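K.L.:
I have a structure here, written as structure tokens, and I will follow up with some questions on it.
The values are calculated or read from the model by the stated rules, or taken from the named source; none is laboratory data. The structure displayed is predicted, hence computed values, not measured ones. In this analysis, Cβ positions are derived from the backbone assuming ideal geometry, glycine residues included, and neighbour counts consider all displayed protein chains.
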Amino acid sequence: MNNKNYTMKELPSSERPYERCEKYGPAILSDAELLSVIIRTGTFNQRSSDVAMKVLNSHKLHKGLIALYYLSYPELRKIDGIGKVKAIQLLCIAELTKRLGKISKGEKPLFQEPKEIAMYFMEELRILQTERVYLLMMDGKSRMLHHENITIGTANTSVANPREIFQKALQYDAVYIVLIHNHPSGDPTPSESDAAATKRLRESGKLIGIPLMDHIIIGDRQFISMKERGYID
């Protein structure tokens, strides 16, 4: 049996991701080539590019690079060619992409429009398979003082407690708040419970003096602002 670990060096130079990246830049590389650069080595019967393709096609529902968001450590370890170290590296890469997508030039992110808030959280929330509600505490200049995950629901519903929400808002001296949550179905259309929760928080905010400025629902690469839809004065 041949126990040799195949590497990219055995490919013609014109086909090696390292050389192609150095000459033309990373944008020229395919998803599999980018991933093979991270994986580096294959096994006795497959190259790193073969292992990369297996990773990209290993999830039942999500294919391609998006699969990295959904694959767990045990699932990665089941892929031929992915050991402990490579599995951890791939998990860290997925987490890095989420955090890079939320980097702001300012110390506190400045949001002028609902779209800016939606895009800031889009990559993190659109891939989740259960509903998650984030509370954003804002200052008077539309800068986010702090955001916090206040609840995790089922695949179809989540519950946000008004008392908990406004306790957090007071803790961070918020001038107003924004609620944002995802719909795992990918469709951001507000449900009846979304409308009811928005109304309840809107009225509570008026009484407490910390208004609910918006409630944004994230779908798959799309969003809906409850304020723009007329649910919030």
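K.L.:
Could you say which residue among Gly230, Gly186 is of a type outside the set (D, E, K, R), assigned to a loop (DSSP other than H, G, I, E, B) and free of Cβ contacts under 8 Å to residues at least 12 places away in the same chain?
P.N.:
Values: Gly186 fails: free of Cβ contacts under 8 Å to residues at least 12 places away in the same chain.
Of Gly230, Gly186, the one residue that is of a type outside the set (D, E, K, R), assigned to a loop (DSSP other than H, G, I, E, B) and free of Cβ contacts under 8 Å to residues at least 12 places away in the same chain is Gly230.
K.L.:
Need pairs with beta-carbon distance below 8 Å; first residue in a loop (DSSP other than H, G, I, E, B) and within segment 31-55, second among the small types (Gly, Ala, Ser) and at pLDDT 90 or above; sequence gap 6+ or separate chains.
P.N.:
Taking only residues 6 or more apart or on different chains, the pairs are Gly42/Gly81.
K.L.:
Could you check, for segment 5-22, whether at least one of its residues is more than 30 Å from Val133 (Cβ to Cβ), at pLDDT 85 or above, among the hydroxyl-bearing types (Ser, Thr, Tyr) and not assigned by TED's automatic domain parsing to the domain that holds Tyr176?
P.N.:
no
K.L.:
Inspect all residues belonging to segment 193-210 and state whether any of them is within 27 Å of Leu71 (Cβ to Cβ), free of Cβ contacts under 8 Å to residues at least 24 places away in the same chain, surrounded by fewer than 16 Cβ atoms within 10 Å (Cβ to Cβ) and among the hydrophobic types (A, V, I, L, M, F, W, C). Lay out the reasoning, then the answer.
P.N.:
So the first thing to find is which residues in segment 193-210 are within 27 Å of Leu71 (Cβ to Cβ), and the list is none.
No, there is no match, as no residue in segment 193-210 is within 27 Å of Leu71 (Cβ to Cβ), free of Cβ contacts under 8 Å to residues at least 24 places away in the same chain, surrounded by fewer than 16 Cβ atoms within 10 Å (Cβ to Cβ) and among the hydrophobic types (A, V, I, L, M, F, W, C).
K.L.:
Shifting gears a bit: Could you tell me whether segment 127-134 includes any residue that is touching a Phe, Trp or Tyr at 6+ places or on another chain (Cβ under 7 Å), touching a residue at least 24 places away in the same chain (Cβ under 8 Å) and within 24 Å of His62 (Cβ to Cβ)? Let's see the steps before the verdict.
P.N.:
First, the residues of segment 127-134 that are touching a Phe, Trp or Tyr at 6+ places or on another chain (Cβ under 7 Å): 127, 134.
After this cut, where a residue has to be touching a residue at least 24 places away in the same chain (Cβ under 8 Å) as well, the list is 127, 134.
With the extra rule that they be within 24 Å of His62 (Cβ to Cβ), the set shrinks to 127, 134.
Scanning segment 127-134 turns up at least one residue that is touching a Phe, Trp or Tyr at 6+ places or on another chain (Cβ under 7 Å), touching a residue at least 24 places away in the same chain (Cβ under 8 Å) and within 24 Å of His62 (Cβ to Cβ).
K.L.:
Scanning for something closer than 30 Å to Glu33 by Cα, of a type outside the set (Gly, Ala, Ser), at pLDDT below 90 and crowded, with 16+ Cβ neighbours inside 10 Å, does segment 72-84 turn up at least one residue? Don't jump to the end; show me each part of the working.
P.N.:
The first filter runs over segment 72-84 and keeps only residues closer than 30 Å to Glu33 by Cα, leaving 72-84.
Pick out the ones that are also of a type outside the set (Gly, Ala, Ser) and you get 73-80, 82, 84.
Adding the requirement that they be at pLDDT below 90 leaves none.
Among the residues of segment 72-84, not one is closer than 30 Å to Glu33 by Cα, of a type outside the set (Gly, Ala, Ser), at pLDDT below 90 and crowded, with 16+ Cβ neighbours inside 10 Å, which makes the answer no.
K.L.:
Let me ask you something else. Regarding segment 142-155, can at least one residue be identified that is surrounded by 13 or more Cβ atoms within 10 Å (Cβ to Cβ), part of a loop (DSSP other than H, G, I, E, B) and either at pLDDT below 95 or in contact with a helix residue (DSSP H, G or I) (Cβ under 9 Å, 6 or more places away or on another chain) (or both)?
P.N.:
Checking segment 142-155: at least one residue is surrounded by 13 or more Cβ atoms within 10 Å (Cβ to Cβ), part of a loop (DSSP other than H, G, I, E, B) and either at pLDDT below 95 or in contact with a helix residue (DSSP H, G or I) (Cβ under 9 Å, 6 or more places away or on another chain) (or both).
K.L.:
Kindly list, by first and then second residue, each pair from a residue in segment 77-100 that is without any contact (Cβ under 8 Å) to a residue 12 or more places away in the chain to a residue that is part of a helix (DSSP H, G or I), limited to pairs with Cβ atoms under 6 Å and residues at least 6 apart or on different chains.
P.N.:
Qualifying pairs under 6 Å: Arg77/Ala87.
K.L.:
Does segment 98-112 hold any residues that are modelled with pLDDT of 80 or more and farther than 30 Å from Ala67 by Cβ, and which are they?
P.N.:
Those that are modelled with pLDDT of 80 or more and farther than 30 Å from Ala67 by Cβ: Leu110, Phe111, Gln112.
K.L.:
Which condition number in (1) in a strand (DSSP E or B); (2) without any contact (Cβ under 8 Å) to a residue 40 or more places away in the chain is the one that Asp173 fails?
P.N.:
(1)
K.L.:
Give the residues of segment 159-192 that are surrounded by 22 or more Cβ atoms within 10 Å (Cβ to Cβ) and either under 26 Å from Arg221 (Cβ atoms) or basic (Lys, Arg) (or both), sorted by residue number. Show your work before the answer.
P.N.:
Restricting attention to segment 159-192, the residues satisfying the condition of being surrounded by 22 or more Cβ atoms within 10 Å (Cβ to Cβ) are 165, 169, 174, 177-183.
Within segment 159-192, Ile177, Val178, Leu179, Ile180, His181, Asn182, His183 qualify.
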